[in-house]
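Since the structure comes first, as structure tokens, the remarks are kept for the end.
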């Protein structure tokens, strides 16, 4: 599988850091769990062997949300995969972005750092993930520390939808 | 863009009232925020400071907006690290919004200084402190490393 096309003119990487009171292996296991529709990830089921070069597919409510490919794997410390939002739509047309999970001990707890990169300038996908990642990783921390997953009214879809519509309006205005 | 800015979002299973109290009241901050506590009358225009357990002032400023349990905005200057103090006052805004059975906390900490050393320093600190706050409110226990002021600092 080819590496994704890298955007020469790009938006800054999105970085999220969270500290979790659980060992790195438990965080790795949760991030690579493929058997259940994970409540902490908006009920998304992920399907992959998590081996380098293999595909990864995210499904939600029976529909494919995202797909990609595993680029790097170093259990339990590092996983890199491409992240391509399903189409049709401007977010899909931006092509695959790249997600990196870094998991490392930090004293008695574990630091999980997520770096999401390769967004084109003015990216619509970046606006979507900015809303999604904090809710997802906040939920992961809650669950791994023994709590019940909070119920959210939405997972940033509303913000994503309005950002996507806004961009379509701007495109239309530029053409007019 | 001329200034420096740090934004962090976290979702905590609690109520806005409890979260607002945890961000401002000594009985909570002493547990998750390195043993520190804040002193203020909590009125717009009032002075505000963070006390380090050994008696030093950590940071200080004024209350710019006070709207519990939704919003708090502070001016904020580091007082014990000369190169950070020299940059002057930052502003720090906490926004709390209900999100289902959780509360969405958005923290924005900024200054009109390019490549600010203060913003670089707090960018490292906030994720750890807010993770500890989240653990405290959800499980009753803060994260161990952020519970006490670090030796030699």
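Observations
- Hits in the stretch A:11-22 (condition: at pLDDT below 95 and surrounded by fewer than 16 Cβ atoms within 10 Å (Cβ to Cβ)): A:12
- Being assigned to a strand (DSSP E or B) and more than 24 Å from residue B:120 (Cβ to Cβ) is not true of residue B:94.
- Those residues of the stretch B:50-61 which are free of Cβ contacts under 8 Å to residues at least 24 places away in the same chain and surrounded by fewer than 18 Cβ atoms within 10 Å (Cβ to Cβ), in sequence order: B:55, B:57
- Selection within the stretch B:1-28 - within 30 Å of residue B:114 (Cα to Cα) and more than 14 Å from every other protein chain (Cβ to nearest Cβ): B:2, B:3, B:23, B:24
- Residues in the stretch A:23-42 that are crowded, with 19+ Cβ neighbours inside 10 Å and within 14 Å of another protein chain (Cβ to nearest Cβ) were compared, and the one that is farthest from residue A:146 (Cα to Cα) is A:42.
- Test: residue in the stretch B:74-82 that is closer than 16 Å to residue B:38 by Cβ and within 14 Å of another protein chain (Cβ to nearest Cβ): no
- Positions within the stretch B:115-153 being part of a helix (DSSP H, G or I), over 30 Å from residue B:3 (Cα atoms) and within 9 Å of chain A (Cβ to nearest Cβ), in sequence order: B:135, B:138, B:139, B:144, B:145
- Residues that are in contact with a strand residue (DSSP E or B) (Cβ under 6 Å, 6 or more places away or on another chain), farther than 23 Å from residue A:130 by Cβ, at pLDDT 90 or above and assigned to a loop (DSSP other than H, G, I, E, B) occur in the stretch A:24-37; there is at least one.
- The lone exception for residue A:50 - which of (1) in contact with a strand residue (DSSP E or B) (Cβ under 7 Å, 6 or more places away or on another chain); (2) surrounded by fewer than 16 Cβ atoms within 10 Å (Cβ to Cβ); (3) outside any strand (DSSP E or B) it fails: (2)
The values are calculated or read from the model by the stated rules, or taken from the named source; none is laboratory data. Values in this document were obtained by computation on a predicted structure and should not be read as measured data. Neighbour counts are summed over all protein chains in view; Cβ atoms, including those assigned to glycine, are modelled from backbone coordinates with ideal geometry.
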